[in-house]
1. Could you list all residues from region 351-376 that are open to solvent by 50 Å² or more (accessible area, probe 1.4 Å) and at pLDDT 95 or above?
2. Does E210 satisfy being surrounded by fewer than 21 Cβ atoms within 10 Å (Cβ to Cβ) and in a helix (DSSP H, G or I)?
3. Which of (1) of a type outside the set (K, R); (2) part of a loop (DSSP other than H, G, I, E, B); (3) open to solvent by less than 10 Å² (accessible area, probe 1.4 Å) does P403 not meet, given it meets every other one?
4. Name the residues in region 436-454 that are out of contact with any Leu (no Cβ under 8 Å at 6 or more places or on another chain) and assigned to a helix (DSSP H, G or I), would you?
5. Condition check: closer than 30 Å to I302 by Cβ, open to solvent by 20 Å² or more (accessible area, probe 1.4 Å), among the acidic types (D, E) and assigned by the TED database to the domain that holds F111. Does D79 satisfy that?
6. When only residues in region 352-377 that are outside any strand (DSSP E or B) and charged (D, E, K, R) count, which is farthest from the chain's Cα centre (by Cα)?
7. Would you pick out the residues in region 319-350 that are open to solvent by 60 Å² or more (accessible area, probe 1.4 Å), more than 33 Å from the chain's Cα centre (by Cα) and of a type outside the set (D, E, K, R)?
8. Identify, by number, the condition in (1) crowded, with 18+ Cβ neighbours inside 10 Å; (2) farther than 30 Å from T19 by Cα that A194 doesn't meet.
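The values are calculated or read from the model by the stated rules, or taken from the named source; none is laboratory data. Keep in mind that this is a model prediction, so the values were computed, not measured. Here the Cβ positions follow ideal geometry from the backbone for every residue, glycine too, while neighbour counts run over all protein chains shown. Side chains included, ligands, DNA and RNA excluded: accessible areas come from the protein's heavy atoms. Shrake-Rupley method; radii C 1.70, N 1.55, O 1.52, S 1.80 Å.
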Amino acid sequence: MSTAQPPTPPFAPEPDPTTPDEPLDLAGIGIGPFNLSLAALAHGVPTLRTAFYEQRPAFHWHPGLLIDGATVQVPFLADLVTLADPASPWSFLSYLKARERLFPFYVAERFHIERTEYDAYCRWVSEQLPGLHFGHRIDAVRWDHDHELFEIDFSRLGPDGEAVSPGRAHARHLVLGVGTEPHVPETLRPLADAPNVPVLHSADYLEHRERLLNTGHVTVVGSGQSGAEVFLDLLRHRPLGAEGLHWLARTPSFAPMEYSKLGLEQFSPDYTRYFHALPEAVRDQLLPGQWQLYKGIAQETITAIHHELYRRAQHGGGWPGAVLTPGVTVRTAGRIAAARLELHLEHVQQGTRTRHTTEAVVLATGYRERRVDTLLAALDPYIRRDSSERPRVDAQHRLVLDPLIKGSVHVQNAERHTHGVGTPDLGLAAWRSAVILNSLSSEPVHPLPSRTAFTTFGLQPSRPGDAAPQRPAAPSSPVARGSGRMHLPDQRTGRTPTRT
């Protein structure tokens, strides 16, 4: 296998032609880490014909948050393939070997890698793995009742994102991995959408970092890991004694992420099966109370923020010019001058309100699942929904469809309401990919363990096979057996972050 990284071509290669007589077994829409994981594990299945389509010209993973020193909050073993196939040529260790960094990594004893290295690793896979088609926008998806196949219309895009030529693919099954998009609260959306107003989402932080460092006063909104990382990075690089920072959080405190070993077992396949088997009302009640599992702040980041504040208090001759206020919501916002913004705040516990002026706002307000209503408009009448009009998703991560649709539509990172807090977690990527591939075959192509946690969830534990598929999803011919969480460490001490 070649280890060279080819340059990004000016035009994406054309996909192999498909016809109703020679369809794909599986077509993937979107190429983020989850569908890239699926493509990598599918590559080891010789009789499975796949193709994956992505509108962007190349792979990039949260480029606006690749802050220097930020690490992925799952161990390096949670790469694209290892937890399902440790011998895969697409593992992170294979990447290190190809880059001649395996021994330095061994000596470094780093269990959590930097986000920039994870991004480079995924890009290395994406540039060598066949069947990935960047620069291809999916325009429509239909079900062909005559041939019992999905028809996928796409546009091949040029270097500037313009449509160059149309195309069509046919597939027995689909998998949607279109990812999430930055969430901007309604109260701040008019400012964020207005041109030349310094209100931006943390997803675009690095693009505007220099401008923010030169702005007199910056306010960060959001209590999670991204907000903590942005606040810490700004704090470290602004003048001593003139920090001009304010950090607002809706949560009652700047809370640490749950990192106990037994707590982390809620990111295991065992818990995912348990959660999926619960009644819908119970699942909806559970999710909000689990926010510290995925919305809290890494202990190392909290420690680094406190250390930096203390250092500035020690050397600056007084309290630093940084204000941290939890328990606050932003009621309304607007401009009061050419270079001033005003946020109307409310403290829920105190029952008090005030006005807060600033010159720039960074919204670390999280992400939401991308809606696929337009993409799947032709399939909408066949999608079964729950009492809240959300798509029902079965244990194999398939949309529950009308029996008239013989093919499967799998979803990745769009099923938190049915599969729980582990849905967006990178640590479950390889396992979910294996579940999807196994559901397409008469026999497992990637055998999975029957138990993954010491905790027994429920009095009647759910095990693989307990939940019967709601409809058949095997291809016409059997498939042969084949071979965001992140944090900033204390950069001054060089400590390696851990999950304990």
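1. G351, T352, R353, T354, R355, T357, E359
2. Criteria met by E210.
3. In the conditions (1) of a type outside the set (K, R); (2) part of a loop (DSSP other than H, G, I, E, B); (3) open to solvent by less than 10 Å² (accessible area, probe 1.4 Å), P403 misses (3) alone.
4. S439
5. Details: closer than 30 Å to I302 by Cβ: yes; open to solvent by 20 Å² or more (accessible area, probe 1.4 Å): no; among the acidic types (D, E): yes; assigned by the TED database to the domain that holds F111: yes.
When the stated conditions are applied, D79 does not pass them.
6. Applying the filter and picking the extreme gives E359.
7. W319, I336, A338, A339, Q350 - these are the residues of region 319-350 that are open to solvent by 60 Å² or more (accessible area, probe 1.4 Å), more than 33 Å from the chain's Cα centre (by Cα) and of a type outside the set (D, E, K, R).
8. (1)
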